[in-house]
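Reading through the structure tokens given below for one structure.
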Amino acid sequence: MIVIGWSIEETPLGYAADFCPFCRRIRAFKITQLSQQTHTYFISVHESELELTMNCLSCKFSCGTKTSNYLNLEPQTSALEELIQRTHPDVRSKYKNELALAERVRGETTTSQERIAWLKEPFQLVNHLLPNHCSPLLLIKEGTMYGFCIAIVIGIVTAVVAAPISKNPDITKSLGIVSGFATGMIAVPLCLIWRFRKSRRFIVENVYPLLQIALKGSRPTLDELNAVMQSLQEFDLSIVDYIDTQYLYHLMQQEPKEEQLAAA
Ligand SMILES: [Zn+2]
């Protein structure tokens, strides 16, 4: 038997300053090299570099990046201004439009058009997080598949255990089928519930916090959030199906004050 497999390895390269589209500020990022390791008989035989990722230390947002964006990478984080000068001295000029808009939103001097665009942006950004984890079709497929697998295993185990007792292949086969079918009737719905709950937990733990951070400076009203979701429906973004604006608004009322988050 040939044992072969792949795994994704993460190699930390250092820290750099960059613009975070969710914090909407310059933040410290951890830069990591992702690579794919091919194993044969548990020994690594080949390594190929995948993408370089940057992970915001404040909000945990992660996306691809390039080493050419930075002057240098620091082995440790330092005060933000120091990190900017050492790793990304031109970051403010690169993102001057985004930073200026962020300041105007915080100072409440934006036009209503700019404000809606500002509110919509984080929903469009988190939309890419959803398909792999939350597509309803994928969830149904996975939940059903897990349920069937459990039913097949239980059916086979029942048949194996029953074989020496019954000594009749037909009875053994029937017992296996009946127990597999009965298990499937219970396991499939339970696996579907488990898969949907897991997906919901992913959204609550990963998507809502990012939206909270991105929207905190603008303090949107519930009506504004509903208007944004309505306008996003025109773009056919799946995020619309997953976000409960009432729940998001409720979370926004509980968030820490602006100064506390800014200092985070
Ligand atoms: Zn961030």
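The values are calculated or read from the model by the stated rules, or taken from the named source; none is laboratory data. Just so it is clear, the model here is predicted, and its values are computed rather than measured. Cβ: placed from backbone, ideal geometry, glycine included. Neighbour counts: every protein chain shown.
Data table
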{"quantity": "Considering residues of the range 82-114 that are assigned to a loop (DSSP other than H, G, I, E, B) and touching a residue at least 40 places away in the same chain (Cβ under 8 Å) only, the residue farthest from THR67 (Cα to Cα)", "calculated": "TYR95"}
{"quantity": "Residues located in the range 193-225, provided they are among the β-branched types (Val, Ile, Thr) and within 16 Å of the ligand (Cβ to nearest atom)", "calculated": "VAL207, ILE213"}
{"quantity": "Every pair of residues 6+ apart whose Cβ atoms lie under 7 Å, when the first sits in the range 207-231 and is aromatic (Phe, Trp, Tyr) while the second is surrounded by fewer than 21 Cβ atoms within 10 Å (Cβ to Cβ)", "calculated": "TYR208/LEU248; TYR208/LEU251"}
{"quantity": "Tally of residues being among the hydroxyl-bearing types (Ser, Thr, Tyr) and touching a residue at least 60 places away in the same chain (Cβ under 8 Å) across the range 46-77", "calculated": "2"}
{"quantity": "In the range 36-60, residue nearest to the ligand (Cβ to nearest atom) [restricted to those that are part of a strand (DSSP E or B) and at pLDDT 85 or above]", "calculated": "CYS56"}
{"quantity": "Subset tally (residues that are over 14 Å from GLU81 (Cβ atoms) and at pLDDT 95 or above) for the range 20-30", "calculated": "2"}
{"quantity": "Complete set of residues in the range 1-19 that are acidic (Asp, Glu) and modelled with pLDDT of 90 or more", "calculated": "ASP18"}
{"quantity": "Boolean, PHE181 is aromatic (Phe, Trp, Tyr), more than 30 Å from LEU125 (Cβ to Cβ) and in contact with a helix residue (DSSP H, G or I) (Cβ under 8 Å, 6 or more places away or on another chain)", "calculated": "yes"}
{"quantity": "Count of the range 61-79 residues which are loosely packed, with under 14 Cβ neighbours inside 10 Å and within 16 Å of the ligand (Cβ to nearest atom)", "calculated": "1"}
